[in-house]
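*Asks:* Encoded as structure tokens, here's the structure I'll be asking about.
The values are calculated or read from the model by the stated rules, or taken from the named source; none is laboratory data. What you see is a predicted model; the values in this text were computed from it and never measured. Cβ sites come from the backbone with ideal geometry, for glycine too, and all protein chains shown count toward neighbours.
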Ligand SMILES: Nc1ncnc2c1ncn2[C@@H]1O[C@H](COP(=O)(O)OP(=O)(O)O)[C@@H](O)[C@H]1O
Ligand SMILES: [Mg+2]
């Protein structure tokens with residue numbers, strides 16, 4: 001099988017060879033039948049002019065009817081076959097891109113906008129589909145018709161053929177040029193449309209802010225100007241589009257006029273029959289399509305190739321972290337980080353410097369440090385979102401790069417600060433990735449994060465749909481829900497990356513207490529003293545280095561950062577006797 005990235009056309013044609021071959025044959029037969037019809041119409045005409053027997057005329061008409069029926073049948077066939085072929089190609093490409101997206105790590109997403117990635121799956125897949133489907137079809141159609149019609153014309157008259165077709169070879173070039181222009185302007189029209197819909201979307205989703213800042217008039221003016229530019233771009237497309245048909249008609253007319261000049265004397269002199277003249281006239285008209293089809297087909301293929309190279313570039317990107325590890329481990333015993341330093345790709349300063357710590361099964365580690373001190377990066381390295389240098393992170397004494405990647409990720413649940421919720425039901429969000437959605441288990445997880453009662457108050461309880469059109473959760477609710485999601489997986493290691501920051505301190509304390517029994521090994525990133533003191537050990541990061549590490553009393557004594565946090569929090573508590581919930 002050919003390689004898809006270097007030979008996409010060969011790859012897909014080979015993959016669907018039966019469908020493709022049948023489609024080509026059906027197309028050829030259609031063209032063959034179609035091309036002989038004028039010859040028989042000419043014959044019928046001659047028989048009428050010669051006042052032959054009516055049965056002769058009827059016989060010729062019978063052939064025409066038979067050809068037309070056969071033609072219709074085969075045209076129906078190739079349309080179905082070709083349709084199936086290029087729809088299957090688009091389907092396969094979309095799946096490839098999508099599953100590739102799921103394998104890609106942060107560096108892939110940092111280099112591309114969401115719009116670009118969506119455009120690959122929508123526009124570029126479609127434009128390649130148009131190339132391998134209609135594009136190749138049109139080219140084959142053109143070649144078949146030229147190969148069938150030219151000999152017929154030559155058999156009718158060699159000099160007529162040469163004289164009337166003299167301008168025809170120009171047609172593909174003119175058509176190609178017009179199509180290129182259409183595409184350039186069409187792309188501009190699409191860009192303008194993207195701006196227009198982006199602006200509309202902003203107004204709709206930001207309507208509160210727009211009103212609060214009395215920006216209605218400004219926004220409307222902005223929208224109007226985008227709308228006007230879109231209108232102009234549409235007109236530009238319409239202009240070239242409109243020139244298309246006249247160009248083709250002109251070439252037919254030129255051919256017909258030449259035919260009249262060279263053919264009429266011969267007909268008048270009786271050297272050529274009226275029927276032959278008529279058939280020839282028809283063939284001139286029929287040559288225009290294959291000639292322009294060459295231009296159209298090449299244009300589709302050119303567009304499709306550009307799209308495919310964009311897709312290939314994305315598909316070619318290797319994942320940040322390779323899943324080569326064969327090692328499966330039985331039971332989690334320890335996590336150890338040894339002298340870990342890490343520099344983000346593209347940066348010169350290291351983000352983490354010489355980090356070392358060890359957590360035994362069942363222990364908890366509190367992690368704290370200023371924003372930007374490297375806490376989230378450390379977690380990304382533990383879960384292999386980024387690849388750490390070899391032999392710096394160990395589980396049960398094995399370097400994590402030797403572990404099976406999906407086992408590693410199934411061993412650790414991370415609750416990020418800004419976890420993503422899907423617009424599906426509460427249950428589906430909590431039970432993400434679980435095979436069964438046992439309501440009792442889901443409820444238990446919600447109870448563990450102190451949210452069961454709130455969920456039951458939603459309009460449809462656990463079956464309420466979240467998101468834009470459903471229930472909108474507060475920051476604290478979102479965090480607790482994602483925590484429930486992580487707890488449900490019952491992984492041996494749970495990591496909370498500042499994931500209770502939007503929950504008020506009292507609730508956080510209650511949750512942590514409730515979790516004390518349930519939580520296996522845990523790493524808890526927090527800025528709250530209470531949550532940190534809850535842990536067996538505390539790691540304080542400062543500008544990517546370990547500032548302090550050890551049991552709480554010891555760290556509290558030696559870490560300036562932790563002392564600052566402690567001072568700030570006692571000050572804040574003094575200000576408000578009650579914990580202020582900032583949900
Ligand atoms: N993808 C990235 N590329 C380059 N630098 C990054 C990236 N992510 C984080 N950083 C940088 O690494 C440092 C640590 O960030 P982070 O681990 O998010 O800190 P924390 O979670 O402690 O706030 C910051 O200086 C941040 O700018
Ligand atoms: Mg962070």
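*Asks:* So, in the range 352-376, exactly how many residues are surrounded by 20 or more Cβ atoms within 10 Å (Cβ to Cβ) and either within 14 Å of ligand 1 (Cβ to nearest atom) or outside the structural domain of residue 338 (by TED's automatic domain parsing) (or both)?
*Replies:* Qualifying residue count for the region: 9.
*Asks:* If a residue counts only when it is surrounded by 15 or more Cβ atoms within 10 Å (Cβ to Cβ), under 33 Å from the mean Cα position of the chain (by Cα) and in contact (Cβ under 8 Å) with a residue 24 or more places away in the chain, which helices (runs of 4 or more DSSP H) contained entirely in the range 410-483 have at least 1 such residues?
*Replies:* Counting at least 1 such residues, we get 426-430, 439-448.
*Asks:* A further question follows. Among the residues of the range 313-325, are any part of a helix (DSSP H, G or I) and exposed (fewer than 14 other Cβ atoms within 10 Å of the Cβ)?
*Replies:* Yes: the range 313-325 contains one or more residues that are part of a helix (DSSP H, G or I) and exposed (fewer than 14 other Cβ atoms within 10 Å of the Cβ).
*Asks:* So, one more: Can you tell me which residues in the range 1-23 are loosely packed, with under 12 Cβ neighbours inside 10 Å and within 18 Å of residue 140 (Cα to Cα)?
*Replies:* Residues satisfying the conditions are 17, 18.
*Asks:* Among 196, 167, 162, which is closer than 30 Å to residue 262 by Cβ, part of a helix (DSSP H, G or I) and at pLDDT below 90?
*Replies:* 162
*Asks:* Quick test for you: out of 329, 393, 379, pick the one residue that is within 37 Å of the chain's Cα centre (by Cα), closer than 21 Å to residue 411 by Cβ and outside the structural domain of residue 544 (by TED's automatic domain parsing).
*Replies:* 329
*Asks:* Same structure, new question: Read through the list (1) away from ligand 2 (no atom under 14 Å from the Cβ); (2) touching a strand residue (DSSP E or B) at 6+ places or on another chain (Cβ under 9 Å), then give the number of the only condition that residue 409 fails.
*Replies:* (2)
*Asks:* If you take the residues of the range 111-127 that are surrounded by fewer than 13 Cβ atoms within 10 Å (Cβ to Cβ) and within 16 Å of ligand 1 (Cβ to nearest atom), which of them is nearest to the chain's Cα centre (by Cα)?
*Replies:* Among those residues, the one meeting the criterion is 113.
*Asks:* With respect to residue 401, is the statement that it is within 13 Å of ligand 1 (Cβ to nearest atom), more than 16 Å from residue 106 (Cβ to Cβ) and assigned by TED's automatic domain parsing to the domain that holds residue 527 true?
*Replies:* no
*Asks:* Please state which of the following conditions residue 418 fails to meet, knowing it meets all the rest: (1) within 13 Å of ligand 1 (Cβ to nearest atom); (2) touching a strand residue (DSSP E or B) at 6+ places or on another chain (Cβ under 9 Å); (3) farther than 21 Å from residue 518 by Cβ.
*Replies:* For residue 418, the failing item is (2).
*Asks:* Could you please find all residues in the range 369-391 being away from ligand 2 (no atom under 11 Å from the Cβ) and not in a loop (DSSP other than H, G, I, E, B)?
*Replies:* Matches in the range 369-391: 381, 382.
*Asks:* Sort through 214, 269, 242, 238 and tell me the only one that's over 29 Å from the mean Cα position of the chain (by Cα), under 30 Å from residue 151 (Cβ atoms) and assigned by TED's automatic domain parsing to the domain that holds residue 307.
*Replies:* The conditions single out 269.
*Asks:* Identify the single condition in (1) modelled with pLDDT of 85 or more; (2) within 16 Å of ligand 2 (Cβ to nearest atom) that residue 531 does not satisfy, given that it satisfies every other one.
*Replies:* (1)
*Asks:* Still on this structure, I have one more. If we scan the range 99-110, do we find a residue that is within 21 Å of residue 129 (Cα to Cα), loosely packed, with under 13 Cβ neighbours inside 10 Å and either in contact with a helix residue (DSSP H, G or I) (Cβ under 7 Å, 6 or more places away or on another chain) or at pLDDT below 95 (or both)?
*Replies:* Yes, some residue in the range 99-110 is within 21 Å of residue 129 (Cα to Cα), loosely packed, with under 13 Cβ neighbours inside 10 Å and either in contact with a helix residue (DSSP H, G or I) (Cβ under 7 Å, 6 or more places away or on another chain) or at pLDDT below 95 (or both).
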